[in-house]
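Just below is one structure, and these are the notes that go with it.
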Amino acid sequence: MQIQRSPQVHDVVVIGSGAGGGTVVKVLTDMGINVTLLEAGPMLNPNKDFKEHMWPGDVIHRTAGEHGEVYFGKSPYPFGYFLAPNGFWEVPGEPYTVAPGSEFKWFRSRIMGGRTNHYGRISLRFSDYDFKARSFDGLGNDWPISYDEMSPYYDKAEEFIGVTGTREGLRTAPDGKFLPPLPPRVHETLIQKACGKLNIPCIPSRMAMLTKSVHGRAACHYCGQCGRGCKTASAFSSSQAMIFPAMKTGRLNVITGAMARELIADSSSKVTEVSYVEKATRTEKRIRCRSVVVAASACESARLLLNSKSGRFSNGLANSSGMVGRNLTDTVGYSLGGQVPALMNVPRHNSDGIGGMHVYVPWWELEKKNKDFPRGYHIEVGGGFGMPGLGSFRGDCERHEGYGNALKDNIRENYGSYVGFAGRGEMIPNEYSYCEIDPQQVDQWGIPVLRFHFRWSEHEINMVRHMHQTFTNIIEAMGGKAAAKPMPDRSAKAVSLGGEIIHEAGAVCMGDDPKTSVLNRYCQAHEVKNLFVADAAPFLGNPDKNVTLSIVALAWRTAEYLSEEMKKGNV
Ligand SMILES: Cc1cc2nc3c(=O)[nH]c(=O)nc-3n(C[C@H](O)[C@H](O)[C@H](O)COP(=O)(O)OP(=O)(O)OC[C@H]3O[C@@H](n4cnc5c(N)ncnc54)[C@H](O)[C@@H]3O)c2cc1C
Ligand code: SF4
């Protein structure tokens with residue numbers, strides 16, 4: 001295949017436009033630095049791609065497909081017609097493999113803004129002890145940086161993206177620079193009361209949705225459909241809040257449909273070229289660069305380094321330590337719901353809000369010593385009178401006799417009376433969880449794919465039983481009954497699969513020692529000084545807080561450091 005090279009040398013090439021890549025693009029272009037962004041997916045057009053205000057009745061067959069495929073058991077829309085086009089568990093032509101004995105699911109996105117176009121926007125800071133896990137209880141890793149070093153970047157991230165919340169003074173949920181909180185709705189008030197009886201804190205949620213206008217983005221108008229994308233950019237996405245404004249500066253050169261396949265280093269161990277597949281023409285192109293920031297999402301970033309082999313780096317770029325791919329983690333997940341009679345037949349009222357929870361439960365047993373698991377989890381709550389989705393009442397139709405008014409009355413009686421709880425717990429990295437290049441398989445672009453190995457340890461598995469008991473207690477304290485979902489004898493059967501909570505992190509870890517880490521404390525490769533990683537790959541653990549706010553904060557710090565190094569002429 002003929003390779004096309006461009007003579008221009010780009011100052012900074014950023015690979016990937018999600019939470020991490022978007023942040024680097026924003027920070028560098030704000031500082032007057034020219035950036036070239038390579039994004040594997042197409043450009044996003046919110047006016048066309050986001051459908052938060054569309055009614056099912058406005059779409060042919062109510063979205064059962066152009067010709068009603070859903071009626072025949074086939075869905076042409078893998079993740080729902082209305083949802084923002086942010087990706088799915090399978091990417092056609094781009095497989096991954098899972099080693100025998102492991103289970104792993106990998107949710108990937110291929111569009112400008114990556115998964116931030118429809119993520120849940122739960123935005124929680126890591127705590128001080130999360131950065132010093134090994135010192136805290138002897139398990140996992142200490143990060144080379146502390147909470148105090150990260151705190152100013154959390155401030156910047158929150159002030160820019162806009163995060164709701166209240167100052168609570170809890171060590172497990174550090175306070176931040178918050179927008180006004182969201183008021184609890186009826187079901188959330190009952191959940192708060194039940195938690196109060198059990199001495200469990202239930203506080204206003206911390207969500208990247210705007211309760212007042214920030215940086216020219218309009219305040220939320222509470223349509224409650226954030227998963228479909230948000231045309232007013234009141235829900236944070238890196239595409240709308242970071243990339244589009246950066247494009248207006250004239251300092252951002254965007255190349256979409258560009259799948260980076262290899263980073264090419266010279267004899268002085270600096271990346272000089274990025275090779276990518278131009279998907280539209282299926283040709284390989286190369287662009288020259290002074291520095292490169294890889295932000296293709298944690299495992300894609302590891303894959304790119306592992307696929308960048310040379311005489312000097314036979315194990316993959318910057319991988320003399322052999323640590324690329326290691327320390328892979330995800331969040332521990334378990335959910336339980338129940339019905340609460342007090343919520344049945346509640347008079348219809350306005351319960352509009354964001355497309356997510358208005359309250360949540362931070363971890364509350366940090367000091368408790370006699371548990372059979374070392375770390376903690378937070379609880380995400382669900383319920384209420386949200387707009388029903390297509391097929392919402394299929395279960396009711398099966399459960400209740402009849403049709404017409406009798407059936408509708410039954411549905412109305414029960415609607416809004418269900419509550420749900422999702423535990424999101426910490427995973428401690430272990431030697432059995434990692435990704436590597438599959439020696440047998442390539443994707444449709446000829447790029448070798450990843451093979452995953454994954455195993456929960458007893459630390460995570462034991463946590464799930466505690467989640468089950470807590471959720472049952474809360475539902476019963478509300479006067480309700482938990483769903484008939486028995487807890488299996490071994491919690492291993494109830495825990496989420498690796499990757500399923502979509503908080504994969506690690507795989508290109510940071511550290512002070514080049515023998516045991518790939519990146520230094522600024523997410524700069526120890527061995528390749530003009531190579532930086534800016535997604536969740538540098539993370540040394542996966543605390544019970546959703547990862548994205550920390551990706552933004554760490555990427556912000558990395559971008560500022562890169563700009564300083566560029567000014568000094570070091571990069
Ligand atoms: C349904 C859902 C709900 C979620 N809810 C939450 C939540 O509430 N809170 C939270 O913190 N997190 C949540 N997440 C996770 C969150 O979306 C991710 O943590 C975050 O988007 C990761 O950002 P990233 O920049 O690392 O990667 P991504 O957002 O995945 O972006 C990576 C980008 O890189 C591009 N790319 C990949 N490979 C290449 C390549 N080789 N060349 C060029 N480009 C490439 C991709 O096309 C993509 O656009 C959720 C995710 C999903 C899917
Ligand atoms: S609820 Fe608010 S943030 Fe969510 S899509 Fe509607 S306007 Fe946007």
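What the table shows:
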| quantity | calculated |
| --- | --- |
| Positive dipole terminus of the chain, leading residue within Val13, Pro152, Gly404 (C-beta point charges) | Val13 |
| Cβ-based charge dipole, the stretch 213-329, positive-most Cα from Ser234, Asn327, Ser314 | Ser234 |
| Accessible area of the stretch 174-265 belonging to carbon and sulfur atoms, whole % at 1.4 Å probe | 54 |
| Helix-only CD estimate at 222 nm, as mean residue ellipticity for the chain, using -39500 (n - 2.57) per DSSP H run (n ≥ 4) | -6500 deg cm²/dmol |
| Heavy-atom surface of the chain, accessible at 1.4 Å and reported per residue (Å²) | 41 |
| Contact order relative to length of the stretch 415-496, as percent, for alpha carbon pairs under 8 angstrom and 6 or more apart | 25 |
| The stretch 146-256, relative contact order in percent, only Cα pairs under 8 angstrom and at least six apart counted | 21 |
| Relative contact order (%) - the chain, alpha-carbon pairs under 8 angstrom, separation at least six | 23 |
| Cβ-placed point charges (K, R +1; D, E -1), dipole of the stretch 114-232 about Cα centre in debye, nearest 20 | 660 |
| Tensor-based shape of the stretch 406-493 (alpha-carbon gyration tensor, a/c under 1.5 rounded, otherwise prolate or oblate) | oblate |
| For Tyr334, distant residues with modelled amide H under 5 Å away | Gly423 |
| Order by protection proxy (mean Cβ within 10 Å, highest first), peptides 25-35, 226-236 | 226-236, 25-35 |
| Distance from the stretch 371-401 to the stretch 1-30 (C-alpha centre basis), Å | 41 |
| Under the Karplus curve 6.51 cos²θ - 1.76 cosθ + 1.60, θ = phi - 60°, whole-Hz ³J(HN,Hα) for the stretch 163-179, x wherever Gly or Pro sits | 10, 6, x, 9, 7, 10, x, 9, 5, 6, 9, x, 6, x, 8, 9, 7 |
| Farthest positive-ward along the stretch 435-503 dipole, Cα basis, beta-carbon charges - from Val442, Met478, His503 | Met478 |
| On Cα atoms only, tilt of 548-568 relative to the major axis of the chain in degrees | 20 |
| Dipole moment magnitude, nearest 20 debye, the chain about Cα centre, only Lys, Arg, Asp, Glu C-beta charged | 740 |
| Vicinal HN-Hα couplings computed from phi for the stretch 252-266 (Karplus, 6.51 cos²θ - 1.76 cosθ + 1.60; Hz; Gly/Pro x) | 10, 9, 9, 10, 8, x, 10, 9, 4, 10, 7, 9, 10, 9, 8 |
| The chain: antiparallel DSSP beta bridges as a percent of all, rounded to 5 | 65 |
| Nearby aspartates and glutamates by direct alpha-carbon distance to Lys371 (threshold 15 angstrom, same-chain neighbours under 8 apart not counted) | Asp137, Glu426, Glu458, Glu460 |
| Amide proton proximity set for Val14, modelled H, under 5 Å, gap of 5+ | Thr36, Leu37, Leu38, Val293 |
| The chain: angle of helix 405-414 to the longest principal axis, Cα-based, in degrees nearest 10 | 70 |
| Sequence-distant aspartates and glutamates (8 or more away, or on other chains) whose Cα lies within less than 13 Å of Lys193 | Glu476 |
| Spatially proximal aspartates and glutamates relative to Lys567 (Cα-Cα < 14 Å; intrachain offsets below 8 disregarded) | Asp11 |
| Using θ = phi - 60° and Karplus 6.51 cos²θ - 1.76 cosθ + 1.60, couplings along the stretch 447-460 (whole Hz; Gly, Pro as x) | 8, x, 9, 8, 10, 9, 10, 8, 8, 6, 9, 4, 4, 7 |
| Computed magnitude of the charge dipole of the stretch 390-473 (debye, nearest 20; Cβ of K, R +1, Cβ of D, E -1) | 240 |
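The values are calculated or read from the model by the stated rules, or taken from the named source; none is laboratory data. These figures come from a predicted structure and were not determined experimentally. Virtual Cβ from ideal backbone geometry, glycine too; neighbours counted across all protein chains shown. Accessible surface is based on the protein model in full, side chains and every heavy atom, while ligands, DNA and RNA are left aside. Shrake-Rupley method; radii C 1.70, N 1.55, O 1.52, S 1.80 Å.
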